[in-house]
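Reading through the structure tokens given below for one structure.
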Amino acid sequence: MTAVAVVGAGVIGKRLAAALSRSPGSAPEPDTALPYLAGLALRGPNVFAAARPELPVFAVDARAAERLRAAGSAVKGDLTALLESADIVVDCGPSRTGASRADLYRVHGIRAVFCGGERDARLGPLVHSALNPEAATRPGGLRLLSCNTTALARVIAGIGPGDIRTLDATILRCSTDTDKATKGITNGAALAPRPSHHGDDLREVAPGPAVRTVAATVPMTAGHFLHARVMLRAGLSPADALDRLRTAGRVGVLTGDGPVHTALLKERSAAPWHDRHEVQIVPIEGAAADSLELWVSLDNQAITIPETLDVLQLAGGSGPAERIRARSDRLLRPETPSEGGRP
């Protein structure tokens, strides 16, 4: 098994740590290919860590150790000790700060996986387990796709990149995560005048289709949603493309007469934190004969966790991508969300 160090316990770090801490040894037939949590490195007291005192907590520095102990957390050591005991590190620190820690990981000779939001290509290539899994087997660091890019990558993978001519998407992002009440807009929308990074990122992991994305930020905290128009290659009907999405992994297709409420999609999930690991798609009627028009709803806090587990296994050489993806889904199955959301 691969021992994983997780740096940071924000919205991504705590979810990854929770998944990795489900010991495969407790199952009747343990899957020794699954990664496990070597430790969680923190900058200070954390509600998640306090609620899970059995988790191995490490401090990023001496000041963090003092603060953690003062709050009653048992500290097993510092970040150096954690890195020396792990096979790979997942950097879940604040967005676009991974480069400041990359040299530390290199000094310790540990491979690093950086969560979505890292724009510095020097940290390693972007990777998605269904589109370019071979990237994870190369030496060096890796960068995971952001939440919105992950959602669109699943659409591309589900239909098949070779059967998509163009993908044009408008991304409506929530203004803040639920744990950052003082961040974000409260009345209005922030409209970006240039194409967003998602298109560039998708072209790196799936170079076939022509992709263009734009993004706006709206005053929500319960996930993101997208409008996507997918132009199909000749020979693939919209009905067949939609059938492919219905059978694709980590994708749910919602149909019916009434509207879909994104807040209810999250509220009706029985998983911890009401997580949704699937991306939910609502087909829009009346598209052209050679295209699909879709609403895409995603849980920005949870959607990347399955792909993160995939990449950890791919980097450790745990088998073909299809088998690895199935293994990750089995690990997360108790948290598989419902497909409710209609009134």
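No value in this document is a laboratory result; all are computed from the given coordinates. Just so we're clear, the structure is a prediction, and the values are computed from it rather than from any experiment. No Cβ is skipped: glycine too gets one built from the backbone with ideal geometry, and neighbour counts run over all protein chains shown.
Being surrounded by fewer than 16 Cβ atoms within 10 Å (Cβ to Cβ) and of a type in the set (Val, Ile, Thr) is the filter; apply it to segment 233-263 and report the residue that is nearest to Ser297 (Cα to Cα).
That would be Thr255.
Name every residue in segment 155-174 that is of a type in the set (A, V, I, L, M, F, W, C) and outside any helix (DSSP H, G or I), in order of residue number.
Ile164, Leu167, Ala169, Ile171, Leu172, Cys174
Just to be sure, is Pro207 surrounded by fewer than 18 Cβ atoms within 10 Å (Cβ to Cβ) and either closer than 21 Å to Ser129 by Cα or touching a helix residue (DSSP H, G or I) at 6+ places or on another chain (Cβ under 8 Å) (or both)?
Taking the combined requirement at face value, the residue satisfies it.
What's the number of the condition Ala289 fails, among (1) farther than 27 Å from Thr166 by Cα; (2) surrounded by fewer than 16 Cβ atoms within 10 Å (Cβ to Cβ)?
Here Ala289 clears every test but (1).
Of all residues in segment 50-102 being under 24 Å from the mean Cα position of the chain (by Cα) and among the basic types (Lys, Arg), which is farthest from Met1 (Cα to Cα)?
Arg96
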